[in-house]
1. Could you list, in sequence order, the residues of region 31-45 that are among the small types (Gly, Ala, Ser) and at pLDDT 95 or above?
2. Please verify whether Pro172 is closer than 17 Å to Glu70 by Cα, at pLDDT 95 or above and out of contact with any strand residue (DSSP E or B) (no Cβ under 9 Å at 6 or more places or on another chain), treating the condition exactly as stated.
3. Which of the residues spanning region 13-36 are closer than 18 Å to Leu109 by Cα, of a type in the set (Ser, Thr, Tyr) and over 21 Å from the mean Cα position of the chain (by Cα)?
4. Given the criteria out of contact with any Leu (no Cβ under 8 Å at 6 or more places or on another chain) and assigned to a helix (DSSP H, G or I), does Gln117 qualify?
5. With the condition kept exactly as written, say whether any residue in region 206-216 is among the hydrophobic types (A, V, I, L, M, F, W, C) and either loosely packed, with under 15 Cβ neighbours inside 10 Å or not in a helix (DSSP H, G or I) (or both).
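The values are calculated or read from the model by the stated rules, or taken from the named source; none is laboratory data. Values in this document were obtained by computation on a predicted structure and should not be read as measured data. Please note: Cβ atoms are built from the backbone with ideal geometry, for glycine as well, and neighbour counts cover all protein chains shown.
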Amino acid sequence: MKKFLNFLFLIIVILLLISGIYIYNGYSMYKKALDDYSIKDKVASIKSVESYSRLEELPKIYINAVIAIEDHRFYKHNGIDVISIGRALYHDLKNKSFDEGGSTITQQLAKNIYFSQEKKIERKIAEVFMAFKLEHNLEKDEILELYLNTSYFGNGYYTVKEASMGYFSKEPAYMTDYESTLLAGIPNAPSIYGEDMNLAHERQKQILELMVEYRYLSLEEKEKILEEIG
């Protein structure tokens, strides 16, 4: 029994040491990113882009669709959603895969403007530190606005305005309910949903279900959009 406890203690110490190394490396990555470009400079650079769209210029249904599918507790958390992370971890362990990340909109913004898309533990930890920093420095609406202007929509479109003009030949403000809910699903996998309309429609149907669940849409409104999908 004593040998087992000693072995267990050794395993715990090793795991703590490994975790400490990852956290240190992640924090170092976060600090270097901030030292290279402050949040103020990053925000100014993003807002200077010609295709930048203000939140008030976007259809409300589009904004709600993004929140519903990406982070429905966005206005309630402080950058990290423990519930979503737990759900994603359970999903990944159950399916023996790592395809569900549980990242909030704030974390995704941190990744979009400061880090690569590479799936490394250190990068994920740096993303968490940066998410807290963004939440401390920016208002929620500004975080959401910046996220919508730094997401990739496939086919070379890097802002919601570029995507709206590219896919629908219109300014974002004039997107229909069908177009808004379709576009909201593309950034999750732009190389797939930006190319395959059938898969994009499946993603759109998922968004509509969530919008009804979170009371952004009525059943009648959902059915009306589904009629356009066909």
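1. Ser38, Ala44, Ser45
2. On the way: closer than 17 Å to Glu70 by Cα: no; at pLDDT 95 or above: yes; out of contact with any strand residue (DSSP E or B) (no Cβ under 9 Å at 6 or more places or on another chain): yes.
It is false that Pro172 is closer than 17 Å to Glu70 by Cα, at pLDDT 95 or above and out of contact with any strand residue (DSSP E or B) (no Cβ under 9 Å at 6 or more places or on another chain).
3. Applying the first criterion (closer than 18 Å to Leu109 by Cα) to region 13-36 yields 26-27, 29-36.
Those still in the list that are of a type in the set (Ser, Thr, Tyr) too: 27, 30.
Of everything in region 13-36, nothing turns out to be closer than 18 Å to Leu109 by Cα, of a type in the set (Ser, Thr, Tyr) and over 21 Å from the mean Cα position of the chain (by Cα).
4. On the way: out of contact with any Leu (no Cβ under 8 Å at 6 or more places or on another chain): yes; assigned to a helix (DSSP H, G or I): no.
Here the answer is no, as Gln117 does not meet what is asked.
5. Of all residues in region 206-216, those among the hydrophobic types (A, V, I, L, M, F, W, C) come to 207-208, 210-212.
Filter once more, so that each one left must be either loosely packed, with under 15 Cβ neighbours inside 10 Å or not in a helix (DSSP H, G or I) (or both): none.
No; the residues of region 206-216 include none that is among the hydrophobic types (A, V, I, L, M, F, W, C) and either loosely packed, with under 15 Cβ neighbours inside 10 Å or not in a helix (DSSP H, G or I) (or both).
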